[in-house]
Each structure stands twice: as structure tokens, then as C-alpha cells.
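Comments concern the structure below.
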Amino acid sequence: NRRLAGDLQMQVEMTYVQGDMGGGLVFNAPSSATKNGAQMVSFAGKGAYVQWGHFDDKGVFQYQGGIPVTSVADGKPHTLAVRTSGAAYSVSLDGRELARDIPLSGANAGFAGLLASTSEVIFDNFKIESAGQR
């Protein structure tokens, strides 16, 4: 329930339980009451794909990109991380950078949280730090 601003590092350990592995991170949401306008990085394809994009003003996901990964549907925790910097962000999985310089759809500020869709996921060790504190 706190608006965040500036360059941040967000990460969470996620363990796939069942479903399509639609779990991930939501950030830069203009409101804590809706996903409209928020950025999202999440797993898809039963944990074998990481996708990123944003939700438009009607809450419809707008895909910006993604990358196939070794499936995380193995019952072990995997760390998904996002780092914002200026008008862009990067995505990493288990410490390996998957993409960088992805443009933010709005300001580098807003609310952050976790997302689960069409899946059952265990989240653990969620943390948000100022990128300058690392």
C-alpha cells in the first residue's frame, strides 16, 4: 500500500505447484486497486516461457516480448527479478539476465505486487530495494 518511485530491484522466489504457471511480478501500477496501467513480468507456457509487457487502461495485457526458458515447473524455487532504471527495465531468472532496456509504458513509479493467474504458485522471499542500495 505504498507508492514506489525511482530505480528499484524487485525479486521473488516462486515455486510452481500446478496449472499454466501464470505467476509473476506486477510493478509501476498507477493504483493499488487495479492492474490497469501496470507493468508485468510473468511465466507462461507451464513455466517454459517468461513474458513481459503492460496492462492498458482497460486492464488488457499488451505483450512487449518474452523468451523461452528451461521449464521452472520442477517443484523447486526459482528467483524472478526485475530492475527498473530510468525509463526502462531488465528481467532476470535465477541470477541470469534474460532481457534489458525494455521500455516502461509509463512513469518509473507506482505500486508493486505479486500475480498468479491460471496457476497455483508458492511465493517466498519477496523483496523490493532501491537500486542504489544493492
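The share of accessible area on segment 1-106 that comes from carbon and sulfur is 48 percent, using a 1.4 angstrom probe. Of the trypsin sites (Lys or Arg not before Pro) in segment 58-126, the ones in a loop by DSSP (not H, G, I, E or B) with at most 15 other beta carbons within 10 Å are 58.
With 0.36 nm allotted per residue and the present C-alpha distance subtracted, the residue 130-residue 32 stretch has 33.3 nm of extension available. With a cut-off of 12 Å between beta carbons, the residues surrounding residue 73 carry a summed charge of -1, where Lys and Arg count +1 and Asp and Glu -1. A 1.4 Å probe run over the protein chains yields, for the chain, 51 Å² of accessible area per residue, whole-number rounding. Taking a straight Cα-Cα cut-off under 25 Å and skipping sequence neighbours fewer than 8 places away in the same chain, the lysines within cross-link reach of residue 127 are 35, 46, 76.
The values are calculated or read from the model by the stated rules, or taken from the named source; none is laboratory data. Computed from a predicted structure; not experimentally measured. Cβ coordinates were reconstructed from backbone atoms using ideal geometry, including for glycine residues, and neighbour counts include every protein chain displayed. Just so you know, the surface numbers come from the protein's heavy atoms only, side chains and all, with ligands and any DNA or RNA stripped out. Shrake-Rupley method; radii C 1.70, N 1.55, O 1.52, S 1.80 Å.
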